[in-house]
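These notes are about the structure you will find just below.
The values are calculated or read from the model by the stated rules, or taken from the named source; none is laboratory data. On a predicted model such as this, the values are computed, not experimentally measured, just so you know. When we count neighbours, we look across all protein chains shown, and the Cβ atoms used for this are built from the backbone with ideal geometry, even at glycine. SASA here: full protein model, heavy atoms, side chains in, ligands and nucleic acids out. Shrake-Rupley method; radii C 1.70, N 1.55, O 1.52, S 1.80 Å.
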Amino acid sequence: MALPASDLSKQPDNRTTMDLGRVLPCTAEVRDGHLFIGGVDMAELAREEGTALYVFDEADLRWRMEEYLRAFRSRYAQTDVVYASKAFLNKAAVRIADELGLCLDVSGGGELACALSAGFPAERVVMHGNNKTPVELEEAMRAGVGRIVVDSRIELARISEIAGRLGITQGIFMRITPGVEADTHEYIRTGCEDSKFGFTMKDDFAYTCVGTALETPHVHLAGFHCHIGSQIFALHSFREAADVMVGFMARVRDGYGHTVEELDLGGGLGIAYVADDEPPTIDEFAEGTCSAVREACEARDLPLPRLLVEPGRSLVANAGVTLYTVGILKTLPGIRKFVAVDGGMSDNIRTALYHADYEPTLANKADQPRTEIVTLCGKHCESGDAVVVDMPLQKAEVGDIVCVFGTGAYCATMASNYNGQPRPAVVFVRDGEARVTTRRETYEDLYARDL
């Protein structure tokens, strides 16, 4: 694995930090040359708590959760907003989601364990996963999880057996692959036919399996689920998926005499990772989705189902930043300028995995223009280990504090201990106060399981 070739034609944009627009957390500001988020000086926080460090703007996170609820319920009263916790998960985030009245999407036993330990009501949990183990399924049903999203006939039989043994009827969704090709990275497309997820509609397979589900004891087919991908800007993809799913619901009603009560359209709304990105707003996403469901139901004389949406990235990505300390500077004339930081692919695998783009700034020089094109490389033993590739930055010096924006989603939850690197702490900031919500790992933590 190696970095992509340098774009030697790329020029600094000379923007200062506050010119980065929607990339920034909502409380970001510059005071006396330093970046503040949630009223807290990021350079000072980095020196107090150490780096690498994940920081979340709690006001931004709460605002986005509330905005999703408002945007959808003002247009479609029977909506549940289901936080996709795979994007970012710790007990503090779970408690905020609970406080604001969201539901929670968990994928597997570990995420469920976090939710339950934080006191989240199990009946508001939706459980996902294409290969949930029998142990995970039993844990979920014993806890009283409201909906389990069934991904295969094998899993349907497992759920039936466990539910029968426990003496319960388990509410399920069937995950349907709608065949919608979302315009996003191939690794995060999930609704096309060539996908490990769900029941394909090809050759009537999904339709036939609905009949099996309706005949299976100890389960109740409450609804259908689909998810077409992640980091999507094209709203017509969501409208197309809604129309396909409502059409499938109508066919099930006509063919089997069963009207499902709920429709879960997943998540996937994109966010601004770089300053020139213009993703749809939450309001625009809600308007397109709600109107598509209403129109599709009206066209097929189908009663409106309860609607579920599962935002993850669009709730937490821009609320989160990562702080690093500059350790080494290295210029390869005519090739690339490296600024080495004390993190990398262990705390943000997305750049190595997807060649993801991010906007960086120096938190202690936040009022200065970004006059150099640099690659923020990590400390790990991989040539492709980088957090930011060929992006503008202020002139860096050893000891400067780098802030990388938009790292609130799929960084902490995909973090690793590569090269024996302890995972960073997580700090929430709000109203001038900083609180550690997940402590930094220690070397003792890393090897505590070794015998």
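Here region 336-418 is assigned +1 on the Cβ of each Lys and Arg and -1 on the Cβ of each Asp and Glu. Its dipole about the Cα centre then comes out at about 80 debye. Taking all protein chains as they are arranged and a probe of 1.4 Å, the heavy atoms of V135 leave approximately 100 Å² accessible to solvent.
Gain in length, E161 to T259, computed as 0.36 nm per residue apart minus the alpha-carbon separation, to one decimal in nm?
Additional length available on full extension: 32.8 nm.
Here each label is just a point 7 Å from Cα along the line to Cβ, and for E29 and E372 those points are 3.0 nm apart. Could you tell me which of the pairs K91/K395; K132/K379; K91/K132 are separated by over 29 angstrom between their Cα atoms in the structure shown? With Cα atoms farther than 29 Å apart: K91/K395; K132/K379.
For a test of the definition: using alpha carbon positions, the gyration tensor, and the 1.5 limit on a/c, classify region 313-451 as rounded, prolate or oblate.
Oblate, since a/c reaches 1.5 and b/c is not below a/b.
Taken over the C-alpha atoms, the chain has Rg and Dmax values of 22.9, 71 angstrom.
I want the antiparallel fraction of DSSP beta bridges within region 258-405, as a percent rounded to 5. Walk me through the numbers before you get to the answer.
Values: 19 of 25 bridges.
In region 258-405, approximately 75 percent of DSSP beta bridges are antiparallel ones.
Taking each pair of distinct Cα atoms in region 279-354 once, what is the resulting Kirkwood hydrodynamic radius in Å? Could the numbers behind the result be given before it?
On the way: mean 1/r = 0.0579 Å⁻¹.
Radius from the Kirkwood sum: 17.3 Å.
Helix 235-256 versus the longest principal axis of the chain: what is the Cα-based angle in degrees, 0 to 90, to the nearest 10? With rounding to tens, the tilt is 20 degrees.
Can you give the FRET efficiency to the nearest 0.05 for I168 and A2, using r as the Cβ-Cβ distance and R₀ = 51 Å? In this case the efficiency is close to 0.45. Computing FRET efficiency as 1/(1 + (r/R0)^6) for E397 and K91, where r is the C-beta to C-beta distance and R0 is 41 Å, gives about 0.65. Normalised by the number of residues in the chain, the mean separation of alpha-carbon contacts (under 8 Å, six or more apart) gives a relative contact order of 23 percent. What a 1.4 Å probe finds exposed on region 18-90 is 46% carbon and sulfur by accessible area, rounded to a whole percent. Here the chain carries DSSP beta bridges of which approximately 45% are antiparallel, counting only pairs with both residues inside. Spin-label model, T413/D204: points 7 Å from Cα along the beta carbon direction are separated by 3.8 nm. In region 57-126, the C-alpha radius of gyration followed by the widest Cα-Cα span (Dmax) gives 11.8, 34 angstrom.
Selection among G255, S230, L307 by position relative to the dipole of the chain gives G255 as farthest towards the positive end (Cβ unit charges, Cα centre). Got a sec? Charge dipole of region 1-51, +1 on Cβ for Lys and Arg, -1 for Asp and Glu; which of T16, T51, T27 is way out at the positive end? Most positive-ward Cα: T16.
For region 228-304, would you read off the P(r) tail past 17 Å as a percentage of all alpha carbon pairs? For region 228-304, the fraction of Cα-Cα distances above 17 Å is 48 percent. Considering only alpha-carbon pairs that sit under 8 angstrom and 6 or more positions apart, the relative contact order computed for region 248-354 is 25 percent.
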